[in-house]
There are 4 protein chains.
Amino acid sequence: MTENAGKTLDAAVFGAGRIGRIHAANLARQQGVRLKYVIDVNREAAAALAAQHGAQVADIDGALGDASIGASVICSSTDTHSELILKSAAAGKHIFCEKPVDLTVERARACAEAVERAGVIAMIGFQRRYDPTFTALKARIEAGEIGTPEMLVVTSRDPGAPPIDYIRHSGGIFKDMLIHDFDIFRWILDDEADTVHATGSCLSDPAIAEAGDIDSTAVTIRTKRGRLCQINTARRAAYGYDQRFEILGSNGMLQAGNVRPTEVVAWSKQAVSRDVPEAFFLERYRAAYASEMAHFHDAVIHGTPVRTTVADGLKALELAEAAALSWREGCVVKLGG
Amino acid sequence: MTENAGKTLDAAVFGAGRIGRIHAANLARQQGVRLKYVIDVNREAAAALAAQHGAQVADIDGALGDASIGASVICSSTDTHSELILKSAAAGKHIFCEKPVDLTVERARACAEAVERAGVIAMIGFQRRYDPTFTALKARIEAGEIGTPEMLVVTSRDPGAPPIDYIRHSGGIFKDMLIHDFDIFRWILDDEADTVHATGSCLSDPAIAEAGDIDSTAVTIRTKRGRLCQINTARRAAYGYDQRFEILGSNGMLQAGNVRPTEVVAWSKQAVSRDVPEAFFLERYRAAYASEMAHFHDAVIHGTPVRTTVADGLKALELAEAAALSWREGCVVKLGG
Amino acid sequence: MTENAGKTLDAAVFGAGRIGRIHAANLARQQGVRLKYVIDVNREAAAALAAQHGAQVADIDGALGDASIGASVICSSTDTHSELILKSAAAGKHIFCEKPVDLTVERARACAEAVERAGVIAMIGFQRRYDPTFTALKARIEAGEIGTPEMLVVTSRDPGAPPIDYIRHSGGIFKDMLIHDFDIFRWILDDEADTVHATGSCLSDPAIAEAGDIDSTAVTIRTKRGRLCQINTARRAAYGYDQRFEILGSNGMLQAGNVRPTEVVAWSKQAVSRDVPEAFFLERYRAAYASEMAHFHDAVIHGTPVRTTVADGLKALELAEAAALSWREGCVVKLGG
Amino acid sequence: MTENAGKTLDAAVFGAGRIGRIHAANLARQQGVRLKYVIDVNREAAAALAAQHGAQVADIDGALGDASIGASVICSSTDTHSELILKSAAAGKHIFCEKPVDLTVERARACAEAVERAGVIAMIGFQRRYDPTFTALKARIEAGEIGTPEMLVVTSRDPGAPPIDYIRHSGGIFKDMLIHDFDIFRWILDDEADTVHATGSCLSDPAIAEAGDIDSTAVTIRTKRGRLCQINTARRAAYGYDQRFEILGSNGMLQAGNVRPTEVVAWSKQAVSRDVPEAFFLERYRAAYASEMAHFHDAVIHGTPVRTTVADGLKALELAEAAALSWREGCVVKLGG
């Protein structure tokens, strides 16, 4: 328990877009939480979200200058993350920040050091670690159900590529999309990468190649303990959002499957069929987002350890850079450390 | 749209027990709704629930005498349902009432007539009709996916029998447990019973037989249009709460399966295994309860037609009585009308 | 071990139709078995089957008069079964006979008595009891996996109705189609019927009703020990041949599912889909037919007890008659004994 | 149709071990086939298999010197394959040879050239290409169901490592175990490798590492057309033999799942569980082995094109060598051609 136990928490939300609205609603639902400020360059969006939660529209310095604010919830665009983390840390605010920490390892490292120095609680929004299926699987590994983990296979596919303009500013598929898979790899195998190999292709839309990126990747990681991980991703899976993984252990295997909207099964002349998976991440990870913000609240109020730290964000970013290098150079990349 | 469109709704909640707390929270979440009163013979429970929603503790007449109250939400014990429906209708309040309307057909009929006369909106809490899986299945039948519905098989099993004292006052398994299945039958087949046959046994606990009841039933209904329905129920399924049905049509079949807590699959030396179903009705029908209260709110505010009327509650009760008679007499019962 | 152990077996096959050819091939595959005669009113069919197995075409008396013949394999039309059983028993031949024994209880009883008197091994072709899935399930019940069996739900649907002329001579749906399900009921629950209720409808083709029959049935059996069984059948399931059952016990449930031709799963924009079940009984029970004839061979050569006796055939027929009576009279039928 | 259409086929079987007995039985079942010779250094095994099929024990030259022999069925140890292929080709016999052609690319190439020169039909025993599930999946790809194939993920795990002595002479995991997966890759993606990356570990038994081998591999292939393939293998999956793959296309995905012995589903307090997969390759690929030999028979008698040629065996071997090189050197290997 920290000194905050039992106290209320006033929070400032940075970014009133889609994910900002979700985090704001999930945080507001926690006991004793008050959303006090909403900050967004789009004043209209800020005002709408503020109104919904009885908060006020503010600017960065106004919000961080208010000593009553205990937490910054950073849901703004990626290029603002590091600045907001640094300022929030400097102001002594606890921090929740959407992934990624930053697109450069240098700034991400600076953030990790800043929150460390400031002694604030800082959590990165790798929401998959809060998903009921994934956390149940992780707990069963830790309970020894499959013995020693040996091989992880991650399937991670989006229902369609984002607009090409998004892709141009995304930092590339490894930082934008696989960042989640790199985090899952570290969490599930409880190990660090020794070598990384990545290859890929642009198969769905030539415009992605013109933007210097790819839409399909195949990544292999060998860990320091000799464990193996394969990740396959695609920007476009015609059947929808596909998020599965399986972990082979010395004593068995655990799989995490997709979540379906309903449990209807149809038997026709042609086939026996079920629903395709939940449409995209907002639907698929609805429960994870709720649980994630409850976790942040617990960390701030009760001092429970943060599951997804800025250091985790930094590690995932380093893997993304290594994978991108491997892909560009056609070589195997050895990780430091 | 009714004259209430756009207006706010003040509500009185009768019953602060488990289901009352769920309905209260789901109703409070609707736009423009205010829980004004909580009424329960257990004043402590009433006070706790009232405190949670900024409501006041009241008594029946006080609540119904307040002209600002637009809706009664009846979640009290079954033996109070009909009185509260009649009083609420007389006071011109819209009504949501947990199932069953009453344990006697006579009083249930009186309730149906009273709400009709009063012109209030009245909805019975057959929450299954609001479940995402069941409503998707129903919509697909109506879209013609399986042609003409011909045969319905309903599996409805509880994870364990309630306390014997509950059973003694439950009205018997047909009214207490199968009431839901009889409603599902009418909804899915969109037809009325012509004949009913029921048999059953007490297989799990002799105390149930001593209380004059059974714990396992097998019911067959033939409809006026010659369609067939089989219902099998058990008070005790060792593996948990089991709520499935399947509907055979002239052109195919649709099944509604159980919902699992997670999508983890485990491969061991012995078996490939998945989660057992959600533990019991509160977990299984969480989404249904939320959707149900949104539906009630829509009905009151926007005048959308009520999916589960008091007349539906009455019909289900008549089927329960016919089934009980069939079981007791060992005969086939012909339904009137 | 009988005196036949280690010896060879010469057999006569009666009926060279579809099922005769299957049984002949499966029997011929057994060690030391020689198909010596094929008998069929259709001489051409008999000749073709005989040629395939190095057998001769014969007539009934010729075949049964040959002292070297150890076994009669009766696969001819239903109306010839009892005569061939009686003659084979009189001639001291061991008997395999396709289901049903006969369409009348009287003649079936006479057959049971005749084989008893003659001391010959006699086995009825209830092939489902030899299916790998069903036998595995039965073994697991007997191993106590689900405790005491309490409730059985049988789904038994054909992909389409046979020609109307077949239906006219079939003895009705209860004797023709449900005879298998009544046998499964007795085998799986290991109990006898106390009461039977059956209802049904003609939903697929009015010609079936004109022939005095129905195409959809719902049967409920309560056993002497109070266990419950529900059977639902249909002559026409648009998605194919559907043969499932599930057995609830005091400690869990076991289900027997359909068998698919392949394990391909397809993920499209619309659905995640698998194969429909094996097309019809010849495909679905291919392994069962092979195992059945090996079982018959074991019984004859090694004296292992017969799993499906003429007495079983008689019991199934009695249930079919009781069900037909219940349906016609709209009453519950009490079984004798 | 070749000149052999309608004719009979006399065959010599080399190798009377486990797989030899399976191939012999499946070939003997074909219309007009006679097993004439069985050749094995183990005379007892040869005699037993010969007796079963009415064949004679012979030696290599005796069998190949018999002009009546139309086909060599080579099921002997790997180190004898190339010699028997060369001799059979020289003698003008059609050839079925178990995989691999040889452990060296040079000798495998010599075999490919020899059968080409001799004009004999030669088929390699990549039985997976004859499996009902895999062939159905392949046919559906070719029918365009998922559009253009883009990414293949192959899971290939054995239930346990073979004896260490076997491993020492196996040619290493890539040639011994992944040879099948490399063939599946070429067949399913209908493309050739441009680059290969392989890594691996010895995780189950240090004796394997001492023998210079690994037991777990992760291989990535990028094809000439930019398609991606990931293969993961393990010598030891505690839950049994695991043979799955999935192919993502521009318009959907197809998966090939494991085959189970039965369709029993058990619901207990703990889990809902199914059978583990068929135990090992002899059970899993029983239908494939039968279909494979029918295919060989068709090729010889009717001249139908061979699905798995010696050239295919050579290509798979080249991939295995490239993968082994990648693993040993820790680099990405570019394929020639």
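Can you list the equivalent-ellipsoid semi-axes of the stretch B:9-120, largest first and in whole Å, using the square root of 5 times each Cα gyration tensor eigenvalue?
Whole-Å semi-axes of the equivalent ellipsoid: 22, 15, 12.
Please give the charge dipole size of the stretch A:9-120, origin at the Cα centre, charges +1 on K and R Cβ atoms and -1 on D and E Cβ atoms. Round to the nearest 20 debye.
For this selection, approximately 360 debye.
Using the Cβ atoms and a cut-off under 9 Å, what net charge is assigned to the surroundings of D:S170, where Lys and Arg are +1 and Asp and Glu are -1?
Residues near D:S170 contribute 0 overall.
What average count of beta carbons from other chains do you get within 10 Å of the Cβ of residues in A:136-143?
The mean count of partner-chain Cβ atoms within 10 Å per residue comes to 2.
I need the phi-derived Karplus couplings for the stretch C:178-188: 6.51 cos²θ - 1.76 cosθ + 1.60, θ = phi - 60°, integer Hz, Gly and Pro marked x.
Taking θ as phi minus 60°, the curve returns 6, 3, 5, 5, 5, 5, 4, 3, 5, 6, 6 Hz for the stretch C:178-188.
With respect to the axis carrying B onto D, what is the closest chain B residue by Cβ position, and how many angstrom separate it from the axis?
B:S273, 2
Take the Cα of A:K7, step 7 Å along the line toward its Cβ, and report every residue of the stretch A:122-136 whose backbone nitrogen sits under 17 Å from that point.
Hits in the stretch A:122-136 for A:K7 at 17 Å: A:122.
Would you mind listing the distances between the A:I164 label point and the same position in each other copy? Use 7 Å along Cα-to-C-beta, nm, one decimal, shortest first.
6.0, 6.5, 7.7
Output, in nm with one decimal and in ascending order, the distances from the D:E113 label point to the matching label points of the other copies (7 Å from Cα along Cα-to-Cβ).
From this label point to the equivalent ones elsewhere in the assembly: 6.4, 8.5, 10.3 nm.
Given the DSSP H assignment, sum -39500 (n - 2.57) over each helix run of at least 4 residues in the protein assembly as shown and divide by its residue total; what's the result at 222 nm in deg cm²/dmol, nearest 500?
Per the formula, -11500 deg cm²/dmol.
If I take R0 = 60 Å and measure r between the Cβ atoms of A:E210 and A:A67 in this structure, what FRET efficiency does the formula 1/(1 + (r/R0)^6) give, to the nearest 0.05?
0.75
For A:L325 paired with A:D298, estimate the spin-label separation in nm (one decimal), with each label point 7 Å from Cα along the Cα-to-Cβ line.
Spacing of the two 7 Å Cα→Cβ label points: 3.7 nm.
For chain C, what mean projected area does the convex hull of the alpha carbons give, in nm²?
Over every viewing direction, the Cα hull of chain C projects on average to 19.0 nm².
Take every DSSP beta bridge whose two residues both sit in the protein assembly as shown, then give the antiparallel share in percent to the nearest 5.
The antiparallel proportion sits near 60 percent.
Quick one: net charge of D:R284's neighbours, Cβ under 13 Å, K/R +1, D/E -1?
Spelling it out: positives minus negatives among the neighbours equals -2.
What ratio of Cα Rg to 2.2 N^0.38 Å holds for the stretch D:257-337?
After normalising by residue count via 2.2 N^0.38 Å, the value is 1.74.
Please name which of C:A288, C:A237, C:I221 has its Cα lying farthest along the dipole of chain C towards the positive end, using unit charges on Cβ (Lys, Arg +1; Asp, Glu -1) and the Cα centre as origin.
C:A288
Express the relative contact order of chain B as a whole percentage, based on alpha carbon pairs under 8 Å and six or more residues apart in sequence.
Over chain B, the number comes to 21 percent.
Identify, among D:V310, D:P206, D:L137, the residue whose Cα sits farthest towards the positive end of the charge dipole of chain D, taking +1 on the Cβ of Lys and Arg and -1 on the Cβ of Asp and Glu, with the dipole about the Cα centre.
Value: D:L137.
For D:S88, B:S273, C:S77, what ranking results if the residue with the fewest other Cβ atoms within 10 Å of its Cβ goes first?
C:S77, B:S273, D:S88
Identify all lysines with a Cα-Cα distance to A:K93 below 20 Å; exclude those on the same chain that are fewer than 8 residues away in sequence.
A:K7, A:K36
Averaged across the residues of B:232-238, what count of C-beta atoms belonging to other chains lies within 10 Å of each residue's C-beta?
Mean shielding by partner chains, rounded to a whole number: 6.
Could you tell me the calculated FRET efficiency between D:A143 and B:E116, based on Cβ-Cβ distance and R0 = 51 angstrom, to the nearest 0.05?
Approximately 0.30, to the nearest 0.05.
Give, to the nearest whole percent, the P(r) tail of the protein assembly as shown beyond 51 angstrom, counting all Cα pairs.
I get 40 percent for the Cα pairs in the protein assembly as shown exceeding 51 Å.
Taking the Cα centre as origin and putting +1 on Lys and Arg beta-carbons and -1 on Asp and Glu beta-carbons, what dipole magnitude results for the protein assembly as shown, to the nearest 20 debye?
Here the protein assembly as shown has a charge dipole of around 0 debye.
Could you pull the copy-to-copy label distances for C:D190, with points set 7 Å along Cα to Cβ, in nm to one decimal and sorted shortest first?
Reported distances to equivalent positions: 4.4, 4.6, 5.5 nm.
State the extension gain, in nm to one decimal, for the chain segment bounded by C:R43 and C:S77, taking 0.36 nm per residue of separation less the distance between their alpha-carbons.
Gain on extension, C:R43 to C:S77, equals 10.7 nm.
Which distance in Å, rounded to a whole number, links the C-alpha centroids of the stretch A:168-183 and the stretch A:235-296?
When both Cα centres are located, 21 Å separates them.
What dipole magnitude, in Debye to the nearest 20, does chain A give about its Cα centre under +1 on Lys/Arg Cβ and -1 on Asp/Glu Cβ?
580
Using +1 at the Cβ of each Lys and Arg and -1 at the Cβ of each Asp and Glu in chain D, identify which of D:L325, D:V265, D:V101 lies farthest towards the dipole's positive end.
Farthest along the dipole direction, towards plus: D:V265.
How would B:I22, D:I121 line up from fewest to most surrounding beta-carbon atoms within 10 angstrom?
The order, fewest Cβ neighbours first, is B:I22, D:I121.
If Lys and Arg each add +1 and Asp and Glu each add -1, what is the summed charge of the other residues whose beta carbon sits under 10 Å from the beta carbon of B:C75?
Around B:C75, the charge tally is 0.
Which of the pairs A:K138/C:K269; C:K175/C:K224; A:K224/D:K138 have their Cα atoms more than 28 Å apart in this structure?
Those over the limit are A:K138/C:K269; A:K224/D:K138.
For chain A, what is the percent of antiparallel DSSP beta bridges, rounded to the nearest 5?
55
Any read-out appearing in this document is the output of simple, stated calculations on the displayed coordinates, not a laboratory observation. No experiment lies behind these values; they were computed from the predicted model shown. Don't worry about glycine lacking a Cβ; one is built from the backbone with ideal geometry, like all the others, and counts go over all protein chains shown.
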